[in-house]
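As structure tokens, the structure follows; a few thoughts come after it.
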Amino acid sequence: MSSSGLSDSTTTLIELKRLVQEFVDERDWGKYHNAKDIALAINVEAGELLELFEWVRENELPALLGDPAKRRRLGHELADIMILCLNLASAVGFDVASTIGAKLELNRRKYPVELVRGDYRKYTELRNGLKKEEGASGV
Ligand SMILES: [Mg+2]
């Protein structure tokens, strides 16, 4: 368990959303937290996350991820992004679980297992490829 006493197995999303909201309210930062500015902040924090990997070769990744200081920074940047995502969900009134569930369902339809399994390409490219193959074979 972390020093905060929170863990995935015992902390609910609504508790996390409440903790983030308390943090914001205690500082009277709600006046700055409109959807646009939170979305911008998510991008800024994503940039900070990427900075950690900038110029790192793929074969250097295991050492980076095993370095305690860099691993701590990775956790901090990831937390910044997740906190802001919860903040944005609250600001616009989204239920996190149902929003993720709905998008996963959409993604399942966009990326059917039989079409994409083991292939990273975007669904449009795969569907176009499928059409070309169908056309070539006369199907
Ligand atoms: Mg940060």
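Only the coordinates and a few stated rules stand behind these numbers; no lab work does. Bear in mind that the values here come from a model prediction, so they are computed numbers and not experimental data. Positions of Cβ are backbone-derived with ideal geometry, glycine not excepted, and every protein chain shown enters the neighbour counts.
Return ARG73, ARG18, ARG117 ranked ascending by Cβ neighbour count within 10 Å, so the fewest neighbours appear first.
ARG117, ARG18, ARG73
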*Let me know the number of lysine pairs in the chain closer than 18 Å at the Cα, not counting same-chain pairs under 8 apart.*
6
*asked:* To the nearest 20 Debye, how big is the dipole of the chain about its Cα centre, given +1 on the beta carbon of each Lys and Arg and -1 on that of each Asp and Glu?
replied: 560
*Within the chain, what is the longest stretch that has no chymotrypsin sites (Phe, Trp or Tyr not before Pro) placed in a DSSP loop and near at most 11 other beta-carbon atoms within 10 Å?*
56-119
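For GLU60 and TYR111, compute 0.36 nm times the residue count separating them, minus their Cα-Cα distance, and round to one decimal in nm.
Going from the current span to full extension adds 15.2 nm.
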*asked:* Could you list LYS103, LYS70 so that the one with the fewest beta carbons within 10 Å of its beta carbon is first and the one with the most is last?
replied: LYS103, LYS70
*Using only Cα atoms, find the angle between the long axis of helix 96-110 and the longest principal axis of the chain, and express it within 0 to 90 degrees, rounded to the nearest 10.*
10
*Using Cα centres only, tell me the gap between the range 67-134 and the range 1-36 in whole Å.*
22
*Among PRO68, LEU40, PHE23 - extreme Cα towards positive end, dipole of the range 1-111, charges at beta-carbon*: LEU40
*Could you work out how far apart the two model spin labels at ASP8 and VAL96 are, taking each label as a point 7 Å from the Cα in the direction of the beta carbon, and quote it in nm?*
1.3
*For the range 9-94, take the alpha-carbon Rg, divide it by the Kirkwood Rh, and send me Rg/Rh.*
1.06
*asked:* If each residue of separation counts as 0.36 nm, what is the full-extension length gain between LEU40 and ARG27 once their alpha-carbon separation is subtracted?
replied: 2.7 nm
*Going by how many other beta carbons lie within 10 Å of each one, how would you line up SER4, SER90, fewest first?*
SER4, SER90
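What number, rounded to the nearest 500 deg cm²/dmol, is the helix-based mean residue ellipticity at 222 nm of the chain, given -39500 (n - 2.57) per DSSP H run of at least four residues and division by all its residues?
So the calculated ellipticity at 222 nm is -22500 deg cm²/dmol.
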